[in-house]
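The structure appears right after this line, and notes come after that.
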Amino acid sequence: MDIDRVAGEEVCCLDTEQLQLPEVSSFVLKENPQLPEVLFSQWLSLSDTTRLVKTLIDDAKAGNPINIPGISANVSVGGVNSLPSMFPAGSAPPISPRSSSGSPRTSKQKTSPSSLRSPLKLVRESEWEVIPQFYFRNGPPAASALKEQCLSRINHLFNNDLDGLLIDEFKPVTKIVCKLPSFFSDVLFRKIDVDCTGMVTRDAFVKYWVNSNMLTLDTATQVFNILKQPDCRYLSQSDFKPILRELLATHSGLEFLQNTPEFQERYAETVIYRIFYYINRSGNGRLTLRELKRGNLIAAMQHADEEEDINKVIRYFSYEHFYVIYCKFWELDTDHDFFIDKENLIRYGNHALTYRILDRIFSQVPRKFKSNVEGKMCYEDFVYFMLSEEDKSSQPSLEYWFRCLDLDGNGVLTPNELQYFYEEQLHRMECMAQEPVLFEDILCQIVDMIAPEVKNLVLSNTLESSSFCVSSHLQRHFLLQREGYITLRDLKGCKLSGNVFNILFNLNKFVAFESRDPFLIRQVHSAF
């Protein structure tokens with residue numbers, strides 16, 4: 001390679017800012033731009049510089065490491081430790097400029113991969129490494145202490161001569177380790193014993209309960225996963241039958257039913273119907289995990305497992321409640337074909353209901369019958385009806401009777417709709433020689449009990465220009481007579497809404513409400 005040609009190329013690439021000449025001011029260099037080039041040409045003409053350049057070129061061709069004074073390197077080039085300079089000792093400018101962009105010499109040097117990395121990239125990678133995992137498909141893993149405690153209990157319960165536990169021996173595992181009601185033992189055992197071997201080993205239980213993170217889930221999710229069918233996102237009524245069978249077989253408060261399988265079956269059905277009535281708010285027969293968590297079923301199950309007297313478990317599991325419902329159905333079902341028609345239901349509560357409300361019920365507007373028989377309701381339909389009739393303050397009951405009264409299905413109750421149902425009540429009172437209560441007075445009473453919101457209504461000019469003061473009671477009465485309406489939200493916001501339905505279509509409860517003790521009335525109002 002021609003040194004002169006290289007030197008010429010080097011001169012053409014000179015940058016006065018990169019020479020770093022401490023003896024010459026930057027002002028002088030800028031005023032005499034030819035001075036750096038002259039100095040650099042003189043430096044290249046030296047014999048030592050020529051030998052050094054040739055040595056560097058040969059090393060670059062051979063791929064050897066290059067060592068230049070002013071650049072950190074472990075190996076010296078050709079035994080040359082310093083460059084000849086026409087500057088005084090210790091004041092020689094650095095060979096390498098500040099930036100590699102202005103010097104072809106430095107662009108030919110080998111650069112290690114680590115020196116090419118971006119500082120931003122390194123910082124980003126360190127941040128990625130410290131971000132903890134925040135999503136786990138099967139839930140977060142159990143803490144070490146909790147896992148060790150669970151494994152200790154498992155080892156203690158599975159410490160026997162057999163390879164595992166039989167179904168009769170599995171109940172302590174359900175109670176102590178899983179902390180579930182004891183009547184979940186059978187269904188949990190079969191959930192783990194997928195091969196139907198009749199035995200659950202320690203490893204199989206650890207794999208299902210610990211390794212699949214069932215240990216860390218809340219109780220409602222555990223119950224949901226145990227009861228539901230594979231690849232299913234909801235619970236059906238049939239999913240509850242296994243735990244009801246075990247409850248009937250093991251609970252001390254239900255031992256008297258051992259010899260009456262028919263009553264056992266009806267009790268289980270009634271409990272399931274009650275569960276879906278209160279918890280399955282969508283009413284589609286598909287109980288979701290969200291509905292299960294929002295309800296009180298888990299607490300009721302725990303109560304039923306701990307309480308020896310099943311009748312004290314008022315929610316869902318009371319045998320006395322079942323007996324009242326079933327006996328009432330059996331009494332109305334005169335031909336015992338397990339279906340009830342309109343003529344049978346009119347006798348309910350000693351003919352307490354009106355024909356108009358029964359027509360709405362059998363039109364299946366509030367709820368479609370499960371009987372699949374025209375004009376007849378089955379036992380499940382009757383359970384739904386009776387739960388709504390006996391407790392009109394519950395959310396399902398309010399929705400049920402509201403749909404019955406809403407004749408046009410527009411989501412509001414108008415005075416005309418209320419009057420339609422009350423007309424039959426008024427006629428029945430006249431036939432029974434009771435003092436009738438006019439609808440205008442009943443409407444005022446309903447408005448006072450519910451206190452519905454005034455919905456974008458304006459009083460007439462007559463009322464606005466009248467000289468006397470119109471009370472809020474008369475204003476609400478006037479609004480309801482003209483354009484006002486009552487919504488389901490109004491009924492749900494009032495604790496006396498159940499009495500509104502009794503006034504409109506249940507004569508016996510309406511008469512009892514009108515003849516109640518005034519002292520008790522004051523107590524009720526003071527409580528509100």
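Where a number appears in this text, it was derived from the coordinates with a stated rule and is not lab data. The model shown is predicted, which means the values in this text are computed figures rather than measured ones. Cβ atoms come from the backbone with ideal geometry, glycine included; neighbour counts cover every protein chain shown.
Between residue 311 and residue 324, the modelled label-to-label distance comes to 1.2 nm, taking each label 7 Å out from Cα in the direction of the beta carbon.
Relative to the current alpha-carbon distance between residue 237 and residue 149, full extension at 0.36 nm per residue lengthens the span by 28.1 nm. Here the relative contact order of segment 166-235, from alpha carbon pairs under 8 Å that lie six or more residues apart, stands at 25 percent.
With the highest mean first, a sort of the peptides 363-373, 426-436 on other beta-carbon atoms found within 10 angstrom per residue produces 363-373, 426-436. Could you compute the FRET efficiency for residue 176 and residue 245, with r as their C-beta to C-beta distance and R0 at 25 Å, rounded to 0.05? So the FRET efficiency works out to roughly 0.65. In this rough spin-label picture, where each label sits 7 Å from Cα along the Cβ direction, the residue 191-residue 394 distance is 2.6 nm. Would you work out if segment 185-247 is rounded, prolate or oblate? Take a ≥ b ≥ c from the square roots of the eigenvalues of the alpha-carbon gyration tensor; rounded if a/c is under 1.5, else prolate when a/b is larger than b/c, oblate otherwise. The shape class here is oblate.
The distance between label points at residue 213 and residue 133 comes to 0.8 nm (points 7 Å beyond Cα on the Cα→Cβ vector).
Using R0 = 45 Å, the C-beta based FRET efficiency linking residue 265 and residue 160 works out to 0.80. Fully extending the segment from residue 420 to residue 289 would add 43.1 nm, taking 0.36 nm per residue of separation and subtracting the current Cα-Cα distance. Under 5 Å from the amide H of residue 164 lies no amide H of any residue 5 or more positions distant or on a separate chain, with H modelled from the backbone and absent for Pro and chain starts.
The order of the peptides 46-53, 256-263 by mean Cβ neighbours within 10 Å, most packed first, is 46-53, 256-263.
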